[in-house]
Amino acid sequence: MARPRKFEADDAVRRAMEVFWERGYAAATPQELGERMGLGRGSLYNAFESKQHLFERALRHYHAHEAPKLLALLRPPGSIKERLRALFLAVIQADVGDPARRGCLAINTAIELAGRDAAAARLASEMFARTEQHFLELVEEGQRTGEVDASRDARALASLLLNHLTGLRVLGKTAEDTTRLTRIVDELLRIL
């Protein structure tokens, strides 16, 4: 009979996600991962096969549990521009207010690994596509209500919003305050 595991896999993946989010894939050592997860090195590999496999699970966890928290800001009724502004300002506050300047794990992954790790790049790309789809739905809603010019390409506008979101998250890693980033958001919403 197999010995029962003495840890909760979802909690261990969440803890690993925090390490990868703080340090990046390359800088996260198996020792640090094991310590944060409450596992020895051998147990880490027995439970998750490899650091790479654990990282992919951590990215999926982020995709399933962290990203939706921000996207939920797009759901309330009301002006789409108000909802977009709420999302962008929440991102800015989170990034500038985070002493570790973690930013977005998907963006960090794309920057660190996209040219070297096809699986990680694919997962990051899936997260970007999901966010862009939310933006597309919002733009189309705005076009139906007259808040966004219906003659403009909705997909191009959704891509523009995604581009601004990723840019804000990168700039937020070094911004001293929110002034410049808020100015960018306000200008984006004026041209939308």
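Computed from the coordinates by the stated procedures, all read-outs in this text should not be read as laboratory data. Small disclaimer: the values here were computed from a predicted structure and weren't measured. Virtual Cβ from ideal backbone geometry, glycine too; neighbours counted across all protein chains shown.
Descriptive notes on the structure:
- Screening the chain for whole DSSP H helices of 20 Å or more along their axis (Cα) with average Kyte-Doolittle hydropathy at least -0.5 returns 80-97, 118-145, 154-171.
- Cβ-placed point charges (K, R +1; D, E -1), dipole of the chain about Cα centre in debye, nearest 20: 420 debye
- Per principal axis, descending, Cα span of the chain in whole Å: 64, 38, 31
- Working note: 222 nm ellipticity from helices only, DSSP H runs with n ≥ 4, each -39,500 (n - 2.57), summed and divided by the residues of the chain, gives -22000 deg cm²/dmol to the nearest 500.
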